[in-house]
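The values are calculated or read from the model by the stated rules, or taken from the named source; none is laboratory data. Just so you know, these numbers come straight off a predicted model, no measurement behind them. We place every Cβ from the backbone using ideal geometry, glycine too, and count neighbours over all the protein chains shown.
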């Protein structure tokens, strides 16, 4: 059994990989003001067996999120996280204040002075535990370790129930778009369809295609086409969106965007948990239109640092893989605006 000593952080941001997104459906923390314990306030959670401290303070409470971080591990700062509803988020690395989970999808329960973790990697087992204030002591087989609780927890992937949906009307042409506020970013939940004097197209030059899937813009036009107070997202802003919805896997470097898509041939990968409604649409390259079978494409505001005539576009593939790639600036891709 591996033990780690944990010390307090002022605030911890938890990055939980996409593989546990389903298991975190009830993880609201600071992101969900309505998530104050809910069904956990009573019964077996804040009362009964779970409000036992093993001779100390208030004990671990299943209706809250609690995080602990290590400062003496051999391979970096190790984090240990308990989430509400009995979810043990696992053990992972702390980098730049972000928790990247490595051991996931476990559960925990409290019975008297015993804490039991199931499927918790090296923390699997039953521990004798004692809580006094912000200090937690765990012991097993005669070995005891001390942990210090953090002051706050923010769960990522964020709870889809915290997304704020709305609408926005573009005063330039009176078109109305759906919007979604995901964490701190507000995105248009539809591709932009604002007609410009040049530098934009409807697929196959049919206006009906613009109505159904938005317009395609070259990069120079895309940079300036968003309405007042909105802008074309940078590559980093797209990456931030992927991060908060759990699309970044720190372990293997993979990024996935299927939780943002609203398309798939058999709906096998059609998740769209956050209402972003990414769609598979056409694109324009070298004077011709192409129908995309497997991908969605959007411009970023970021230029390619290696080739001056290219800019970075973001795409999500049929099976959820996401990537960033430099493309000629005269190509035509969709635009999503953010603020």
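Just the residues that are free of Cβ contacts under 8 Å to residues at least 60 places away in the same chain and not in a loop (DSSP other than H, G, I, E, B), please, taken from the range 268-297. Those that are free of Cβ contacts under 8 Å to residues at least 60 places away in the same chain and not in a loop (DSSP other than H, G, I, E, B): 278, 285, 288, 290, 295, 296, 297.
Per-residue answers, yes or no, for (1) more than 21 Å from residue 200 (Cα to Cα); (2) at pLDDT below 95; (3) in contact with a strand residue (DSSP E or B) (Cβ under 8 Å, 6 or more places away or on another chain):
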site: 256; (1), (2), (3): yes, yes, yes
site: 259; (1), (2), (3): yes, yes, no
site: 280; (1), (2), (3): no, yes, yes
site: 286; (1), (2), (3): no, yes, no
site: 293; (1), (2), (3): yes, yes, no
site: 299; (1), (2), (3): no, no, yes
site: 313; (1), (2), (3): no, no, yes
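Here's the yes/no breakdown for (1) at pLDDT below 75; (2) loosely packed, with under 14 Cβ neighbours inside 10 Å:
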{"residue": "99", "(1), (2)": "yes, no"}
{"residue": "105", "(1), (2)": "yes, no"}
{"residue": "111", "(1), (2)": "no, yes"}
{"residue": "114", "(1), (2)": "no, no"}
{"residue": "160", "(1), (2)": "no, no"}
{"residue": "176", "(1), (2)": "no, yes"}
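Kindly establish whether residue 212 is surrounded by fewer than 16 Cβ atoms within 10 Å (Cβ to Cβ), modelled with pLDDT under 95 and assigned to a helix (DSSP H, G or I). In short, yes.
Being farther than 20 Å from residue 202 by Cβ and at pLDDT 80 or above narrows it down to one of 334, 308, so name that one. Spell out how you get there, then give the answer.
Values: 334 fails: farther than 20 Å from residue 202 by Cβ.
Going through 334, 308 in turn, just one is farther than 20 Å from residue 202 by Cβ and at pLDDT 80 or above: 308.
Applying the selection to the range 138-156, what residues are outside any loop (DSSP other than H, G, I, E, B) and modelled with pLDDT under 80?
Residues satisfying the conditions are 145, 146, 147, 148, 149, 153, 154, 155, 156.
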